[in-house]
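Everything below concerns the one structure shown next.
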Amino acid sequence: MKIVVLVKHVADPDSAWRYTEDLSVDRAALEGRLSELDEYAVEQAVSLVEHGLPATVTFLTMGPASAVDALRKALAMGGDDAVHVLDDALPGSDALSTSLVLARAVERIGFDLVLCGMSSTDAEMSVVPAMLADRLGVPQVTFANAVSVQDGTVTVRRAGDTSVDDVAAALPAVASVTDKSGEPRYPAFKAIMVGRKKPVTTWTLGDLGLDPGQVGAAGAASVVRTAVANPPRSAGVVVVDDGDGAVRIADFLVGHNLV
């Protein structure tokens with residue numbers, strides 16, 4: 001069995017983001033890390049194998065040269081190998097073109113199960129898993145709090161507003177997992193060194209049979225018109241309780257239309 005896990009190298013949320021001329025995030029110029037939500041997908045894949053599922057695990061990403069760091073972090077957590085789609089035409093790709101590139105790469109790798117985080121921690125769109133499943137022509141089971149695989153079927157547990165449901169799909173399939181699916185492991189030093197030795201293959205758009213005009217800003221169906229930095233946080237209001245603290249807080253809430 002073959003498991004492919006999608007991982008993304010995202011800008012560090014604590015860094016000052018920079019943008020290119022077309023207002024896409026300049027990922028190559030920023031400190032980055034493996035998307036925190038993708039770590040849960042990595043953990044689920046590695047745990048499935050550790051609990052006896054006969055499978056190999058391949059991690060897949062697309063992005064600048066620095067995106068290999070996300071693959072190395074995933075490989076330190078477990079898995080067998082990784083694929084990095086790297087091409088000068090990729091910057092500026094939106095969710096549609098991203099799903100196209102990932103689908104072509106997944107098809108070339110071969111798969112029974114694709115695992116994804118429920119969202120990236122930068123764009124936070126939560127649409128790539130569904131787009132990927134559609135492009136691959138396979139069922140999707142999303143927002144899983146737990147994942148199991150048995151007898152050619154993937155089963156996930158989803159917690160809704162009114163019920164907890166077990167949803168199953170025949171393999172091959174795409175599944176996305178939430179941050180409730182299990183705490184990702186922290187790789188020990190030995191595991192980090194082992195991960196550095198695992199193979200990482202680099203593919204270009206040409207290797208996937210794609211034209212540069214299908215990706216990046218040229219192939220994007222959505223366009224960013226403006227990008228404005230969040231204003232700095234202002235100091236809060238401190239209410240010193242001299243016996244009338246409750247009244248003063250109530251007056252503040254009413255005066256600011258917060259009740």
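The values are calculated or read from the model by the stated rules, or taken from the named source; none is laboratory data. The structure displayed is predicted, hence computed values, not measured ones. Backbone-built Cβ (ideal geometry, glycine too); neighbour counts: all protein chains shown.
Do you know which residues across region 72-86 are in a loop (DSSP other than H, G, I, E, B) and surrounded by 20 or more Cβ atoms within 10 Å (Cβ to Cβ)? Before you say what the answer is, go through the steps one by one.
Let us first name the residues in region 72-86 that are in a loop (DSSP other than H, G, I, E, B), namely 78-80, 86.
Across region 72-86, the qualifying residues are GLY78, GLY79.
Looking at region 152-259, what strands (runs of 3 or more DSSP E) fall wholly within it and have at least 2 residues that are touching a His at 6+ places or on another chain (Cβ under 9 Å)? Give the steps one after another, and end with the answer.
Values: elements: 153-159, 164-170, 173-177, 200-203.
Of the strands (runs of 3 or more DSSP E) lying wholly inside region 152-259, those with at least 2 residues that are touching a His at 6+ places or on another chain (Cβ under 9 Å) span 200-203.
Across region 18-61, what is the total count of residues that are modelled with pLDDT of 95 or more, within 16 Å of the chain's Cα centre (by Cα), of a type outside the set (S, T, N, Q) and outside any helix (DSSP H, G or I)?
So the answer is 2.
Looking at region 204-218, is at least one residue surrounded by 15 or more Cβ atoms within 10 Å (Cβ to Cβ) and under 18 Å from ALA74 (Cβ atoms)?
no
What are the pairs, 6+ residues apart or on separate chains, where a residue within region 104-128 that is in contact (Cβ under 8 Å) with a residue 24 or more places away in the chain and more than 16 Å from GLY63 (Cβ to Cβ) has its Cβ under 6 Å from a residue that is part of a strand (DSSP E or B) and hydroxyl-bearing (Ser, Thr, Tyr)?
Correct list of pairs: ILE109/THR58; MET118/SER176.
How many residues does region 106-125 hold that are in a strand (DSSP E or B) and not hydrophobic (A, V, I, L, M, F, W, C)? So that I can check it myself, show each step before the final result.
Residues of region 106-125 in a strand (DSSP E or B): 113-117.
With the extra rule that they be not hydrophobic (A, V, I, L, M, F, W, C), the set shrinks to 117.
So the answer is 1.
Looking at region 62-71, can you tell me whether even one residue there is out of contact with any His (no Cβ under 8 Å at 6 or more places or on another chain), part of a helix (DSSP H, G or I) and either without any contact (Cβ under 8 Å) to a residue 40 or more places away in the chain or closer than 24 Å to ALA103 by Cβ (or both)?
Residues of region 62-71 that are out of contact with any His (no Cβ under 8 Å at 6 or more places or on another chain), as a first pass: 65.
Retained after the next criterion (residues that are part of a helix (DSSP H, G or I)): 65.
Subsequent filtering for residues that are either without any contact (Cβ under 8 Å) to a residue 40 or more places away in the chain or closer than 24 Å to ALA103 by Cβ (or both) retains 65.
For region 62-71, residues out of contact with any His (no Cβ under 8 Å at 6 or more places or on another chain), part of a helix (DSSP H, G or I) and either without any contact (Cβ under 8 Å) to a residue 40 or more places away in the chain or closer than 24 Å to ALA103 by Cβ (or both): present.
Looking only at region 132-151, how many residues end up being buried (at least 19 other Cβ atoms within 10 Å of the Cβ) and not in a strand (DSSP E or B)?
Number satisfying all stated conditions: 4.
Could you grab the pairs with beta carbons closer than 9 Å, sequence gap of 6+ or different chains, first residue in region 33-52 and at positive phi, second one surrounded by 23 or more Cβ atoms within 10 Å (Cβ to Cβ) and in a helix (DSSP H, G or I)?
Listed by first residue and then by second, the contacts come to nothing, as the list is empty.
Scanning region 193-223 for residues that are of a type in the set (Val, Ile, Thr) and modelled with pLDDT under 95, which turns out nearest to VAL68 (Cα to Cα)? Working first, answer last.
Here is the first cut: in region 193-223, the ones of a type in the set (Val, Ile, Thr) are 194, 200-202, 204, 215, 223.
If we keep only those that are modelled with pLDDT under 95 as well, we get 194, 215, 223.
Details: VAL194: 15, VAL215: 20, VAL223: 27 Å.
Taking the candidates together, the pick is VAL194.
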